[in-house]
Amino acid sequence: MACGPTPKGLMVRLVVHQLMARRGITAYALSRGTRLSYPSAYRLSRPGGQFGRLHADTLDKLCTFFEVSPGALLEWTPKTGRGRTNGKGAAGGR
């Protein structure tokens with residue numbers, strides 16, 4: 001599900017735009033189908049996938065509309081470099 005470089009510091013992003021493109025859905029159709037405001041649907045559908053805060057009810061509306069689990073709407077890209085854990089916690093599994 002990779003879509004190019006991830007903005008600095010961003011580890012989790014939305015891939016709603018990919019689902020929309022595959023299904024031929026516009027931001028307007030997303031807003032109508034999810035009952036979200038058009039500006040909210042537009043922000044959620046941007047290719048960068050950046051979001052500040054995602055409420056559980058919004059996530060539920062998106063999952064219901066696309067008939068997918070939350071994991072299908074999100075992409076995780078691990079940070080690289082200093083301070084990164086290896087999946088075993090901050091102590092490095094010690």
Quiz prompt | Among the candidates ARG22, ARG43, ARG13, ARG35, residue that is in contact (Cβ under 8 Å) with a residue 12 or more places away in the chain and within 16 Å of the chain's Cα centre (by Cα) | solution = ARG13
Quiz item: Taking the stretch 54-94 as the region of interest, how many residues are at pLDDT 75 or above and on the phi > 0 side of the Ramachandran plot?
Solution: 1
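Conditions tested, residue by residue: (1) in contact with a helix residue (DSSP H, G or I) (Cβ under 6 Å, 6 or more places away or on another chain); (2) modelled with pLDDT of 95 or more; (3) exposed (fewer than 12 other Cβ atoms within 10 Å of the Cβ).
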{"residue": "THR6", "(1), (2), (3)": "no, no, no"}
{"residue": "MET11", "(1), (2), (3)": "no, no, yes"}
{"residue": "ILE25", "(1), (2), (3)": "no, yes, no"}
{"residue": "TYR38", "(1), (2), (3)": "yes, yes, no"}
{"residue": "GLN50", "(1), (2), (3)": "no, no, no"}
Quiz item: How many residues are in a helix (DSSP H, G or I) and of a type in the set (Lys, Arg) if we restrict to the stretch 45-62?
Solution: 1
Quiz prompt | Per-region count, the stretch 20-36, residues part of a loop (DSSP other than H, G, I, E, B) and farther than 16 Å from LEU59 by Cβ | solution = 3
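The values are calculated or read from the model by the stated rules, or taken from the named source; none is laboratory data. Treat the numbers as computed from the prediction; the structure is a model and nothing was measured. Every residue, glycine among them, receives a Cβ derived from its backbone with ideal geometry; neighbour counts consider all protein chains shown.
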